[in-house]
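Worksheet: one structure, shown below.
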Amino acid sequence: MSCFRREVGQGLIEYALLALLIALAALVAITVFGQAVSGLYSQILSRWPS
C-alpha cells in the first residue's frame, strides 16, 4: 500500500512538467515568429477598408 501513496504526486508533477514544456514551446514560437506575425498583421490592417 505504501507504494501507491508515493505515486499519487507523480501525476501532478507530470502535468506540471507538461505545462512547463508547452509554455516554453509557446515562448520560443513567439520569439521566433513574433516579428513576422506582427508585420503580417500590420499589412492586413493597412489594407483593410475603413
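Scanning region 32-50 for residues that are open to solvent by 100 Å² or more (accessible area, probe 1.4 Å) and within 18 Å of the chain's Cα centre (by Cα), we see that the one that is modelled with the lowest pLDDT is Gln35.
With respect to Ser2, determine if the residue is open to solvent by less than 100 Å² (accessible area, probe 1.4 Å), at pLDDT 90 or above and of a type outside the set (A, V, I, L, M). The answer is no for Ser2.
The values are calculated or read from the model by the stated rules, or taken from the named source; none is laboratory data. In this text the structure is predicted, and so the values were computed from the model without any measurement. To get the accessible areas, we keep the full protein, side chains included, count just its heavy atoms, and leave off ligands, DNA and RNA. Shrake-Rupley method; radii C 1.70, N 1.55, O 1.52, S 1.80 Å.
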